[in-house]
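Participant: Below are the structure tokens for one structure; questions will follow.
The values are calculated or read from the model by the stated rules, or taken from the named source; none is laboratory data. Since the structure is predicted, the reported quantities are computational estimates derived from the model, not experimental observations. Cβ coordinates were reconstructed from backbone atoms using ideal geometry, including for glycine residues, and neighbour counts include every protein chain displayed.
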Amino acid sequence: MILIACGLQREAKILGRPGVIAVPGGGDAARLEMMLEAQTPGATMVVSSGIAGALDPALMAGDIVIHLPTPFVPSEVEGRARSAAPGTRPSTALGANGSWKHRLKAALPNARHGTIIGQDRIAATAAEKAALYAATGALAVDMESHVAARVAARYGLPFLAIRAISDTAHETLPPAALVGMNPDGSMALGKVLASLARRPGQLPALIRTGRSAEAAFTSLAQLSQALRLTQQN
């Protein structure tokens, strides 16, 4: 069984299927970690997937980024050193048979390969993204990969992160986009509308953000099909 960490319920619906459990964290790292922990019995792999913000200025909305650490090193994805919990065995590679990795790459030939980092808050501004890019060299950032990496390391499970870009490195997200997710991963439409009512001038940026997000969700469907290949023998 593949265990997927994501942020939104919409992402979970796209990614989930028989043999795959997609857990929407809703932006709450502690809650996500607890829910992933509960699902680890029977899991054969932990994946971080969904939409992400670009750090590399060359990435566009809808682009796919794949992070394949081999061997698995938690700090690669977390952007800082972190050890596995005492008494647990570290994950050393993404499975003894790496043939599925080749199938994944073949299914997504245009995907970029590199580091994806996770953090507990949204990388909202172009300045913050530029600083992260300069400090880490990572291609993209999300709010789940560091949590998923931690759980995978704790239980000695193989890990990968595979994300579709929503906002580019040059974009600063409007305030309404920052309040658009409820703690259960559902859309907080009321908060978005309230923010828009307070600051109507952000509407063009919000429309742009919505269009970019739709491009990312379209790519997620392709990404989900590619992940299906990892379940093949």
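Rundown of residues vs (1) touching a residue at least 24 places away in the same chain (Cβ under 8 Å); (2) surrounded by fewer than 24 Cβ atoms within 10 Å (Cβ to Cβ); (3) aromatic (Phe, Trp, Tyr), yes/no style:
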site: GLU11; (1), (2), (3): yes, no, no
site: ARG17; (1), (2), (3): yes, yes, no
site: VAL20; (1), (2), (3): yes, yes, no
site: GLY26; (1), (2), (3): yes, yes, no
site: ALA30; (1), (2), (3): no, yes, no
site: SER48; (1), (2), (3): yes, no, no
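Participant: Among ALA5, ALA43, which is part of a loop (DSSP other than H, G, I, E, B), within 26 Å of GLY114 (Cβ to Cβ) and out of contact with any Gly (no Cβ under 6 Å at 6 or more places or on another chain)?
Facilitator: Going through ALA5, ALA43 in turn, just one is part of a loop (DSSP other than H, G, I, E, B), within 26 Å of GLY114 (Cβ to Cβ) and out of contact with any Gly (no Cβ under 6 Å at 6 or more places or on another chain): ALA43.
Participant: Still on this structure, please answer the following. Looking at PRO183 and the list (1) assigned to a helix (DSSP H, G or I); (2) closer than 22 Å to ARG10 by Cα; (3) out of contact with any helix residue (DSSP H, G or I) (no Cβ under 6 Å at 6 or more places or on another chain), which single condition is not satisfied?
Facilitator: The number of the failed condition is (1).
Participant: To continue, here is another question. Among the residues of region 32-46, which ones are surrounded by fewer than 17 Cβ atoms within 10 Å (Cβ to Cβ) and without any contact (Cβ under 8 Å) to a residue 24 or more places away in the chain?
Facilitator: Correct list: MET34, ALA38, PRO41.
Matching residues to (1) assigned to a helix (DSSP H, G or I); (2) under 24 Å from PRO57 (Cβ atoms):
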position	(1), (2)
ALA153	yes, no
ILE165	no, yes
HIS170	no, yes
ALA177	yes, yes
ALA215	yes, yes
ALA221	yes, no
ALA226	yes, no
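Participant: Let me confirm something: among ALA169, ALA176, ALA130, ALA134, which residue is within 17 Å of SER212 (Cα to Cα), modelled with pLDDT of 95 or more and not polar (S, T, N, Q)?
Facilitator: Result: ALA169 is the single residue among ALA169, ALA176, ALA130, ALA134 that is within 17 Å of SER212 (Cα to Cα), modelled with pLDDT of 95 or more and not polar (S, T, N, Q).
Participant: Taking region 204-233, which residues are within 19 Å of the chain's Cα centre (by Cα), of a type in the set (Gly, Ala, Ser) and at pLDDT 85 or above?
Facilitator: The answer is GLY210, SER212, ALA213, ALA215, ALA216, SER219, ALA221, SER224.
Participant: Of the residues that sit in region 156-192 and are without any contact (Cβ under 8 Å) to a residue 12 or more places away in the chain and out of contact with any strand residue (DSSP E or B) (no Cβ under 8 Å at 6 or more places or on another chain), which one is nearest to CYS6 (Cα to Cα)?
Facilitator: This residue is LEU189.
Participant: Same structure again: Please enumerate the residues belonging to region 156-188 that are surrounded by fewer than 21 Cβ atoms within 10 Å (Cβ to Cβ) and touching a Pro at 6+ places or on another chain (Cβ under 9 Å).
Facilitator: GLY156, THR168, HIS170, ASP184, SER186
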